[in-house]
Amino acid sequence: MEQALNLEPITLPGLELKRPIIISGPCSAETEEQTLETARQLAANGVKIFRAGIWKPRTRPGAFEGVGTLGLPWLKRVKEETGMFISVEVANAHHVFEALKFGVDLIWIGARTTANPFAVQEIADALKGCNMPVLIKNPVNPDLELWIGAIERINRAGITKIGAIHRGFSTYDKSEFRNDPNWQIPIELRRRIPQLPIITDPSHISGKRDLIQSVSQEAMDLNFDGLIIESHMCPEKAWSDASQQVTPEHLKEILKNLVLRRPSIGDTPRVTLDELRKQIDKLDTQLLQILHERMTISEAIGKYKYENNITILQTRRYDEIMNNRKARAIENGLNPEFVVKVFEDIHEESIQRQSTIMNKELQGK
Ligand code: PEP
Ligand code: MN
């Protein structure tokens, strides 16, 4: 367990937050009309928490940087007209004060801000004495400690209604995602702080609308608590993140298609699960037996190489093994990257065994 965090469930007046918690709205509030019309359509589709970026952290100067405080009265109108709760991103103390002034119900800290402890501390200090719900996005870089550090800073300012937002991580590798989901990081966050709600942001993970359904489903299958999805009355015309926003109608469809599986096996019939687990146990035993046999053969190869004065590492042979196993992996419907990782480890251990045998032979001389 993590060092003492004082957390309590997120609550909003008169709204029971049930899984999946849904937050939706445009990437950015652009005009009063676009904000209100999007909100009206979302409210009609049952969304209870509205999001809109007012201050936008942009990668390059000159891009649309948000309408600023000017947009906060629009959000206030959304709240008055539709009864939805309103949320914005804050990146400094000024944003916090402005948001509070206009009755914002919930704030989130963006990925670029979470990566900066000075900024997080400034926000924490500005929030002192006001226990509003705060959601903390993961930092842009895949650093769980930095994410937890931001959660701790906000918590130490007396904020107890905290949630995390998983929005994926920057990577220079080519990927189908805008931000690599790296699911093992939010899974580890859940293990470290089990009582912390985790909301997935399929929009910023995907970067394109077509992936939002499957990323949302994956989040639900991993038992995360909710989804924050960007929606816009006319996504193609959005001033920021146009390719990843969906219409309120499309959002409704995505939510309707979600399959919510049981969060725990508690009362499910155990027969089939027990049966499946037995099969896994049997296969693992066979895997271990095969690995044992493979290592025994590696040792025999080590002995042969020693006797014939051949180096242990034969680069061409290693390349052959890897290419062959990768191709076989694909033929067998396995993820080739996973299989390469497994064979790299196996190969490393084989080399180790061979070198131990050669050393033994040498000393025995
Ligand atoms: C956003 O939610 O619009 C946003 C800027 O997200 P992130 O901080 O995840 O990039
Ligand atoms: Mn966005």
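The antiparallel fraction among DSSP beta bridges confined to the chain stands at about 5%. Placing +1 on each Lys and Arg Cβ and -1 on each Asp and Glu Cβ, with no other charges, gives the chain a dipole about its Cα centre of roughly 280 debye. Measuring between their Cα centroids, the stretch 1-75 and the stretch 193-207 lie 14 Å from each other. The lysines within cross-link reach of Lys326, meaning a Cα-to-Cα straight distance under 20 Å and a gap of 8 or more places when in the same chain, are Lys174, Lys341. Multiplying the residue separation of Asn116 and Leu362 by 0.36 nm and removing their Cα-Cα distance gives an extension gain of 83.0 nm. For the chain, the longest principal axis of the Cα atoms and the long axis of helix 270-307 meet at an angle of about 50 degrees.
For the chain, the equivalent ellipsoid derived from the Cα gyration tensor has semi-axes of 49, 23, 21 Å, listed largest first.
Grab the other residues whose beta carbon is less than 12 angstrom from that of Asp180, score K and R as +1, D and E as -1, and report the net. Neighbourhood net charge equals +1. In plain terms, the chain from Leu222 to Arg294 could stretch by 22.4 nm, reckoned as 0.36 nm per residue minus the Cα-Cα distance. Dipole of the stretch 267-363 computed with +1 at Lys/Arg Cβ and -1 at Asp/Glu Cβ about the Cα centre; of Val342, Gln354, Tyr304, farthest Cα towards the positive end is Tyr304.
Note: relative contact order over the stretch 267-363, using C-alpha pairs below 8 Å and six or more positions apart, is 38 percent. Each Lys or Arg adds one and each Asp or Glu subtracts one; over the other residues with Cβ under 13 Å from the Cβ of Arg261, this totals 0. The sum of -39500 (n - 2.57) across all DSSP H runs of n ≥ 4, divided by the residue count of the chain, sets its helix-only mean residue ellipticity at 222 nm to -16000 deg cm²/dmol. Residues within the reach of a label modelled at Thr311 (point 7 angstrom out along Cα to beta-carbon, backbone nitrogen below 11 Å), restricted to the stretch 330-365: there are none.
Between the beta carbons of Asn323 and Ile280, assuming R0 = 30 Å, the FRET efficiency works out to 0.55 to the nearest 0.05.
Residues whose amide H comes within less than 5 Å of that of Leu12, counting only those at least five positions distant or on another chain, are Leu17 (H built at 1.01 Å from N in the peptide plane). Calculate, for Leu287 and Gln195, the FRET efficiency according to 1/(1 + (r/R0)^6) with r their C-beta to C-beta distance and R0 56 Å; round to the nearest 0.05. Rounded to the nearest 0.05, the efficiency is 0.95. Remark on Trp108: its backbone amide H falls under 5 Å from those of Val88, Glu89, Val90, Leu135, a criterion applied only to residues 5 or more positions apart or on other chains, H modelled at 1.01 Å from N. Packing-based ranking of 10-23, 158-171 yields 158-171, 10-23, ordered from highest to lowest mean Cβ neighbour count within 10 Å.
With respect to the cross-link table entries Lys76/Lys252; Lys56/Lys128; Lys79/Lys208; Lys101/Lys256; Lys56/Lys79, which display a Cα-Cα separation exceeding 27 Å? Flagged as over cut-off: Lys79/Lys208; Lys101/Lys256. Setting aside same-chain residues fewer than 8 positions from Lys18, which aspartates and glutamates have a Cα under 13 Å from its Cα? Leaving aside aspartates and glutamates fewer than 8 places away in the same chain, those within reach of Lys18 are Asp225. Sorted on the mean count of surrounding Cβ atoms within 10 Å across their residues, most packed first, peptides 40-46, 290-296 read 40-46, 290-296. Here the 3J(HN,Hα) profile of the stretch 64-71, calculated from phi with Karplus coefficients 6.51, -1.76 and 1.60 at θ = phi - 60°, is 4, 9, x, 7, x, 3, 3, x Hz, Gly and Pro shown as x. Length gained on full extension, Asp180 to Thr69, computed as 0.36 nm times the residue gap minus the Cα-Cα distance: 36.8 nm.
For Ser231, the residues whose amide H sits under 5 Å from its own are Gly25, Cys27, Val246, ignoring neighbours fewer than 5 places away on the same chain, with H placed 1.01 Å from N. Computed across the stretch 267-363, the Kirkwood hydrodynamic radius from all distinct Cα-Cα pairs reaches 15.8 Å. Principal-axis analysis of the Cα atoms of the chain puts helix 144-156 at an angle of about 40° to the longest axis.
Each reported figure results from applying straightforward, stated rules to the coordinates on display, with no laboratory input. Quantities reported herein were computed from a predicted structural model and do not represent experimental measurements. Counting neighbours? That spans all protein chains shown, and the Cβs are built from the backbone with ideal geometry, glycine included.
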